[in-house]
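Colleague: Pasting in a structure now, in structure tokens, and then I'll have a few things to ask.
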Amino acid sequence: MSVILLSINESDVGADFDRFALTRPGEEALRSSLRDLVEGGVIEEALLLSTCARTELYVMADQFHATVDEMASALAQSLELSITVVQPVTRVLYGRAAVRHLLRVAGGLESAIVGESEILSQVKQALLAARESKIVLGSLGRYFERALEVGKRIRNETLIGSGNVSVTSAAALLAMTSDAVLTDVSPRVGVVGSGAIGSEVARVLMDRGAEVTLMSSSAERRDILHRELSGVRVVPTSDLSDQLASLDTLVMAGSSTPMVLDASILEGFSGLRIIDLCRPRTIDRAVAEVAGVVLVDLDDVNRFVADQLAERMEAVDSVEMIIEAELADFGELAWLQDMNPVLRSLYEEAERVRQRELGRSLKRLGETDPKIIQELELLTHRLVNKLLHQPTASLREQAGTEGFAEFLEDFKTIFRL
């Protein structure tokens, strides 16, 4: 049993990532499919990590090829795409490599903005959602708990999180850049989306003196935000059209259906700045052509903070050293959990064969002398150990390397384990 990762990242597919970003209904549908697979015994555990720049499935399972095919199919179905479209852009990692990737994600090395802090909250939320869906029940959850601890340690011991370059802080800074600032009037900012990013953007904006209106489609969530964000006006998302006229800046920070705000709605709103932090995008690209409307998307936010990353980039080597040190202790478990049961099964089967054949030979010979029986016992033990030494040594040498999953499956096939 080991970790298998299927990952589609914006860093791999570029602007085309919009096609592979899950909406909230898509996430729920995929978790439901994963729960069916767990309950059916096809996989042991699963966890979906879906952010604005990555769609990743972490799975605990026995079989490599069959699991990859099953997960790719479930992912394609939830994205409403053909599996022939999904498979070519999906990176597959196994065992040690999958664990290393998880640690790099938690450490901020796989983020568009290196060291951004939001990813830790997103990883934590993904773990909670998986546990609520009953698709994480054991060791996979412990891997993620450890990854969260490593992520916190990295930020405490290195400068990877230094400076003001997170998505939320950058978006808030851009939202404050309006004509209102030049006239000493508090900028009026609307934030659509009440999740972790939307709530944090609203909180940062409020701290900087903006008049903030936060929009959420969930009545329950609005009640919570009324209590948590004193000073922020909270309204239903359905009020968006009515709110536009009173805003200097609109920040889209939810995970709703793509293109919910099209250009026709924005005609006449001169001076409006729109910041779209979503993947898939929630803004019609034609909005950029509307007179007087400025559109800033996630790529623009990333470019905005790029020149502030020098200090963080200097910390990358230190972060990678921490990850490799952790991996020596933590990542090794991923492939040991697969290899050790196979080796145990191999030696147990060899011992059964040895005892059966030795018993038959002693019976045919009618041998009862204890000394001879003992010598034959030692002889057959030595023969078995010598015959199995090289195969097991080869398996240990391959453990944790690229291609180990295929090697292990071939090993089990050859020895019929």
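Every number here is computed from the coordinates shown, using simple stated rules; none is lab data. Just so it is clear, the model here is predicted, and its values are computed rather than measured. Reconstructed Cβ throughout: ideal geometry from the backbone, glycine too, with neighbour counts over all protein chains shown.
Colleague: Non-local amide H neighbours of Leu295 (under 5 Å, H modeled in plane, Pro and chain starts lacking H): which ones?
Modeller: Residues meeting the criterion, in which the H sits 1.01 Å from N, are Ile274.
Colleague: Among DSSP beta bridges lying fully in the range 167-307, give the percent that are antiparallel, nearest 5.
Modeller: On the way: 0 of 23 bridges.
Taking every DSSP beta bridge within the range 167-307, about 0 percent pair in antiparallel fashion.
Colleague: Decide, for the range 1-160, between rounded, prolate and oblate: order the square roots of the alpha carbon gyration tensor eigenvalues as a ≥ b ≥ c, take rounded if a/c falls under 1.5, and otherwise choose prolate if a/b is larger than b/c, else oblate. Show your work: numbers first, answer last.
Modeller: Values: a/c = 1.66, a/b = 1.24, b/c = 1.33.
Verdict is oblate for the range 1-160.
Colleague: Can you find, among Gln122, Phe304, Pro370, the residue farthest towards the positive end of the dipole of the chain? Put +1 on the C-beta of Lys and Arg, -1 on that of Asp and Glu.
Modeller: Value: Pro370.
Colleague: While we're on this one: Cα axis of helix 316-329 to longest principal axis of the chain: angle in degrees, 0 to 90, nearest 10?
Modeller: Here the helix axis deviates by roughly 30 degrees.
Colleague: Can you tell me the relative contact order of the range 1-121? Whole percent, Cα pairs under 8 Å, sequence separation 6 or more.
Modeller: Numbers: 163 pairs, mean separation 41.0, N = 121.
Once normalised by length, the contact order is 34 percent.
Colleague: Could I ask something else about it? Within the chain, what is the number of lysine pairs with alpha carbons under 20 Å apart, leaving out pairs fewer than eight places apart on the same chain?
Modeller: Working: Lys124/Lys134; Lys124/Lys152; Lys363/Lys371; Lys386/Lys412.
Final tally of qualifying lysine pairs is 4.
Colleague: In the range 167-307, with Lys and Arg counted as +1 and Asp and Glu as -1 at Cβ, which of these residues, Val251, Val185, Pro236, has the Cα nearest the positive end of the dipole, that is, farthest along it?
Modeller: Sorting the options by dipole projection puts first Pro236.
Colleague: What is the dipole size for the range 167-307, taken about its Cα centre, with +1 at each Lys and Arg Cβ and -1 at each Asp and Glu Cβ, in debye to the nearest 20? Present the calculation step by step, with values, prior to reporting the outcome.
Modeller: Values: 12 positive and 20 negative charges, 65 e Å.
Roughly 320 debye for the range 167-307.
Colleague: Place +1 on the Cβ of every Lys and Arg and -1 on the Cβ of every Asp and Glu in the chain, take the dipole about the Cα centre, and give the residue among Gly41, Tyr347, Gly107 whose Cα lies farthest towards its positive end.
Modeller: Tyr347
Colleague: Compute the helix-to-body angle for 118-132: its Cα long axis versus the longest principal axis of the chain, expressed 0 to 90° and rounded to tens.
Modeller: The two axes meet at around 60 degrees.
Colleague: Could you state the principal axis extents of the C-alpha atoms in the range 182-284, from the largest down, to the nearest angstrom?
Modeller: Reported extents, whole Å, longest axis first: 36, 35, 22.
Colleague: Something else: Can you give the helix-only mean residue ellipticity at 222 nm for the chain, where every DSSP H stretch with n ≥ 4 adds -39500 (n - 2.57) and the sum goes over all residues, rounded to the nearest 500 deg cm²/dmol? Walk me through the numbers on the way to the answer.
Modeller: Values: 18 runs with 225 residues, N = 417.
Taking each H run of at least 4 residues, the total per residue is -17000 deg cm²/dmol.
Colleague: In debye, nearest 20: dipole of the chain around its Cα centre with unit charges on the Cβ of K, R (+) and D, E (-)? Spell out each step's value before the answer.
Modeller: On the way: 43 positive and 64 negative charges, 288 e Å.
Charge dipole, the chain, about its Cα centre: 1380 debye, nearest 20.
Colleague: Please list the radius of gyration and Dmax for the chain, considering alpha-carbon atoms only, with Å as the unit.
Modeller: Looking at the chain, its Cα Rg and Dmax stand at 27.7, 107 Å.
Colleague: Let me ask something additional. To test your reading of the geometry: what angle, between 0 and 90 degrees and rounded to tens, separates the Cα axis of helix 404-414 from the longest principal axis of the chain?
Modeller: It is inclined by approximately 30 degrees.
Colleague: Under a Cβ-Cβ cut-off of 10 Å, what is the net charge of the residues other than Val167 that fall near it, where Lys and Arg count +1 and Asp and Glu count -1?
Modeller: Value of the local net charge: -3.
Colleague: Under the Karplus relation 6.51 cos²θ - 1.76 cosθ + 1.60, θ = phi - 60°, what is the ordered set of whole-Hz ³J(HN,Hα) values for the range 194-201, x standing for Gly and Pro?
Modeller: 10, x, 4, 6, x, 5, 5, 4
Colleague: Could you give the size of the charge dipole of the range 1-116 about its Cα centre, using +1 on the Cβ of each K and R and -1 on the Cβ of each D and E, expressed in debye and rounded to the nearest 20?
Modeller: Values: 9 positive and 17 negative charges, 61 e Å.
It works out to roughly 300 debye.
Colleague: Sticking with this one: At most 12 other Cβ atoms within 10 Å and a DSSP loop assignment: could you name the GluC sites (Glu not before Pro) in the range 19-60 that fit?
Modeller: Values: sites: Glu27, Glu28, Glu39, Glu44, Glu45, Glu56; in loops: Glu44.
The qualifying sites: there are none.
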